[in-house]
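One structure below.
The values are calculated or read from the model by the stated rules, or taken from the named source; none is laboratory data. A quick note: this is a predicted structure, and the numbers were derived from the prediction, not measured. Note that each Cβ is placed from the backbone with ideal geometry, even for glycine, and that neighbours are counted across all protein chains shown. In case anyone asks, the SASA skips ligands and DNA or RNA and just uses the protein heavy atoms, side chains included. Shrake-Rupley method; radii C 1.70, N 1.55, O 1.52, S 1.80 Å.
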Amino acid sequence: MPKPKFSEYRTCAAAFQGALDALDVIGSWSWDAASDSIQADLFVALLFNVDPEEAEAGLPLDAFLASIHPEDRDRVQAHIRRGGRDGGLYVIEYRVCSADGITRWVLGRGRFLHNHRGQPVSGRGIIVDITDVRMGEATMGAVETTEFHEPEPPLERAADFAMAAHRAICELQDPALKARAEALLLDLGRKLAEQEWRMRRTQMN
């Protein structure tokens with residue numbers, strides 16, 4: 001079956017949502033320091049309004065930053081650059097204008113790895129669409145970023161293990177196990193989003 005053209009995903013909200021429903025529930029990306037390019041799956045490509053084939057091959061960071069909401073873009077760019085420089089785990093929420101023209105909330109969670117000389121070599125992570133969580137919140141303004149350092153809390157450790165398990169299960173090509181692994185990742189992503197919201201509410205009080 002031939003792949004749909006990118007333009008077919010951009011026609012309307014219903015078509016875009018139908019495309020998302022047919023995909024994995026979690027999007028993933030990886031960054032290669034040598035080429036300074038990001039490879040992303042179809043889910044992430046649609047969320048960030050970039051061509052899926054180009055995203056699969058690898059695109060510069062600016063291609064993804066262009067679809068981030070203007071009020072969030074500088075904050076996200078600075079955070080990612082700092083993560084690439086310093087390494088470690090990060091969790092961040094922000095808004096993107098997806099391929100259907102709708103602004104959606106996403107939660108990004110990833111980790112940058114350095115070599116023994118302290119130089120960045122790679123990064124990987126997941127993107128979760130948390131628009132449904134955000135739609136129930138009264139405050140829709142800019143959000144704060146939370147960085148986690150070792151030792152990691154249990155929820156962050158669980159997400160790390162779930163990501164590793166998901167990659168291994170994908171290699172098994174077992175649809176039933178893959179669906180369970182994706183459901184777990186989605187649940188963990190939502191828990192991370194809820195945790196972020198509770199922490200911000202505590203800081204505001």
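Among the residues of this structure, residue 52 does not count as one that is without any contact (Cβ under 8 Å) to a residue 40 or more places away in the chain and not β-branched (Val, Ile, Thr). Could you tell me which residue of segment 140-189 is modelled with the lowest pLDDT, considering only residues that are open to solvent by 70 Å² or more (accessible area, probe 1.4 Å) and either in contact with a Leu (Cβ under 8 Å, 6 or more places away or on another chain) or among the β-branched types (Val, Ile, Thr) (or both)? Across segment 140-189, the extreme among qualifying residues is 149.
Residues checked against (1) touching a residue at least 40 places away in the same chain (Cβ under 8 Å); (2) not small (Gly, Ala, Ser):
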| site | (1), (2) |
| --- | --- |
| 56 | no, yes |
| 62 | no, yes |
| 68 | no, yes |
| 76 | no, yes |
| 88 | yes, no |
| 105 | no, yes |
| 112 | yes, yes |
| 117 | no, yes |
| 122 | yes, no |
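Within segment 118-133, one or more residues are at negative phi, modelled with pLDDT under 75 and hydrophobic (A, V, I, L, M, F, W, C).
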